[in-house]
Amino acid sequence: MSSRFIIFPTLIIILIAVCYYGGSHAPWLKLSTCLENPEQYDGRLVTYIREPKIEKVTSDGFILKHGGGTLPVLADTTGLRANEYIGLTAIFHQEGYLEAENLVISKNRRYKIILSIIPVFLITILFLQNFKINWKNIHFEIKHA
Amino acid sequence: MPDLITHLTFSHLIIRIYELLKKRTHFSPFRTLFYLGVILPDIMTRPLYILFADTYDWTVALHTPFGAILICGIISYFIDPKIRKKAFLFLTSGTLSHFLLDAFQKQLIYNNYWLFPFSWKSVGWGIAGAGTILEWIPVWLMIILVFEITIWIIEKRKRCITIQ
């Protein structure tokens, strides 16, 4: 039997297994987890916040916009601006606010995403120029071999 | 993670130097596979969790050397068996160069799980932030341009000498 029918499914199974392991054993504490059970996670360090963004800068910090809504954050406001994406680790308080531990502004994040699309297109074109699909065997082969 | 243009320019230099050492002057289709390997860890994960942030935990394995090599293995099964091994090597080399560059980026929290699934230790040297790296794109492009022009001139001179 061709190795394609043994090794290929094996690789797929291992990949699914490691993805499952990553999802079930990830070491970071998510803000969404804390919000689901505030008493249990009071005083814990939140290390994963979904798409953190500054909604509004206040006198003692800022209003954090994240995947699940908004939340006040106590922080040094130096250099902070509304609508900036940030990297943030913070102490969770069950009263419904965060205390910034580490905060960095994700400078140029939007540009980074937009610019990253260009290489994907270039490589796709390059690949299609150099490889052709063999429908009979369902594989790619070099065009001018 | 740095942007994909930075990844591509950095990896382009690596593959070109490799080709020069191997005395290959013409474009090899395998270089395309190397480039594909370079962008693979990001294109397998970033679009998913930019659009659906809740998938982050489940896709994190794909942005690790172990997960990415598995994907390279899977992709290489869709490549002509005559060149499959070589294709796998080029895809994997590209992928590893991706992780090498990622390690230079400053991380606030975890990101570079080189030892996954055996350890969640994040590896890296944290030299520059992603935003700062982005500002260096013109410099990278200039380096590539100067590099390619220099190679082109040297090759042209070599050909002239051979003809004479």
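The values are calculated or read from the model by the stated rules, or taken from the named source; none is laboratory data. On a predicted model such as this, the values are computed, not experimentally measured, just so you know. Note that each Cβ is placed from the backbone with ideal geometry, even for glycine, and that neighbours are counted across all protein chains shown.
Please specify each residue of segment B:1-35 satisfying the condition of being closer than 20 Å to B:GLU155 by Cβ and aromatic (Phe, Trp, Tyr).
B:TYR18, B:PHE27, B:PHE30
In segment A:97-132, how many are modelled with pLDDT under 95, facing chain B (nearest Cβ under 7 Å) and touching an Asp or Glu at 6+ places or on another chain (Cβ under 7 Å)?
Summing the residues that are modelled with pLDDT under 95, facing chain B (nearest Cβ under 7 Å) and touching an Asp or Glu at 6+ places or on another chain (Cβ under 7 Å) in segment A:97-132 gives 3.
If you take just the helices (runs of 4 or more DSSP H) that sit entirely in segment B:2-52, which of them hold at least 2 residues that are closer than 21 Å to A:PHE131 by Cβ and modelled with pLDDT of 90 or more?
Correct list: B:4-21, B:29-43.
Inspect segment B:28-43 for any residue being free of Cβ contacts under 8 Å to residues at least 12 places away in the same chain, of a type outside the set (S, T, N, Q) and farther than 15 Å from B:LEU8 by Cα and give the result as yes or no.
Looking through segment B:28-43, at least one residue is free of Cβ contacts under 8 Å to residues at least 12 places away in the same chain, of a type outside the set (S, T, N, Q) and farther than 15 Å from B:LEU8 by Cα.
Can you tell me which residue among A:ILE49, A:ILE54, A:ILE63, A:ILE91 is over 30 Å from A:ILE138 (Cβ atoms), modelled with pLDDT under 90 and more than 7 Å from chain B (Cβ to nearest Cβ)?
A:ILE49
Name every residue in segment B:59-70 that is within 9 Å of chain A (Cβ to nearest Cβ) and either charged (D, E, K, R) or surrounded by fewer than 20 Cβ atoms within 10 Å (Cβ to Cβ) (or both), in order of residue number.
Hits for segment B:59-70 are B:THR59, B:PHE66.
Scan segment B:109-122 and give yes if some residue there is of a type in the set (Gly, Ala, Ser) and either under 17 Å from B:HIS12 (Cβ atoms) or in a loop (DSSP other than H, G, I, E, B) (or both), otherwise no.
yes
Can you say whether A:SER3 is modelled with pLDDT of 90 or more, out of contact with any helix residue (DSSP H, G or I) (no Cβ under 9 Å at 6 or more places or on another chain) and outside the structural domain of A:ASN137 (by TED's automatic domain parsing), as far as the supplied structure shows?
no
What's the total number of residues in segment A:32-46 that are surrounded by 15 or more Cβ atoms within 10 Å (Cβ to Cβ), modelled with pLDDT of 90 or more and assigned to a helix (DSSP H, G or I)?
Number of matching residues: 2.
Rundown of residues vs (1) touching a Ser or Thr at 6+ places or on another chain (Cβ under 8 Å); (2) surrounded by 13 or more Cβ atoms within 10 Å (Cβ to Cβ); (3) touching a residue at least 24 places away in the same chain (Cβ under 8 Å), yes/no style:
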position: A:TYR85; (1), (2), (3): yes, yes, yes
position: A:ILE91; (1), (2), (3): no, yes, yes
position: A:LEU98; (1), (2), (3): no, yes, yes
position: A:ILE118; (1), (2), (3): no, yes, no
position: A:TRP135; (1), (2), (3): no, no, no
position: A:HIS139; (1), (2), (3): no, yes, no
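Restricting attention to segment B:134-152, does a residue exist that is in a loop (DSSP other than H, G, I, E, B) and at pLDDT below 95?
Within segment B:134-152 (the criterion being in a loop (DSSP other than H, G, I, E, B) and at pLDDT below 95), the answer is yes, since at least one residue qualifies.
Those residues that are touching a Leu at 6+ places or on another chain (Cβ under 7 Å), among the aliphatic types (A, V, I, L, M) and in contact (Cβ under 8 Å) with a residue 24 or more places away in the chain, I need them from segment A:100-116; list them, please.
A:ALA100, A:LEU103
Here is a check on your reading of the model: is A:LEU71 at pLDDT below 95, in a strand (DSSP E or B) and either in contact with a strand residue (DSSP E or B) (Cβ under 9 Å, 6 or more places away or on another chain) or over 13 Å from A:LEU31 (Cβ atoms) (or both)?
Taking the combined requirement at face value, the residue satisfies it.
Residue-by-condition table, conditions (1) within 24 Å of the chain's Cα centre (by Cα); (2) of a type in the set (D, E, K, R); (3) closer than 30 Å to A:ARG81 by Cβ:
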| position | (1), (2), (3) |
| --- | --- |
| A:PRO9 | no, no, no |
| A:ILE13 | yes, no, no |
| A:GLY22 | yes, no, no |
| A:PRO27 | yes, no, no |
| A:GLU39 | no, yes, no |
| A:ARG44 | yes, yes, yes |
| A:ARG50 | yes, yes, yes |
| A:THR58 | no, no, yes |
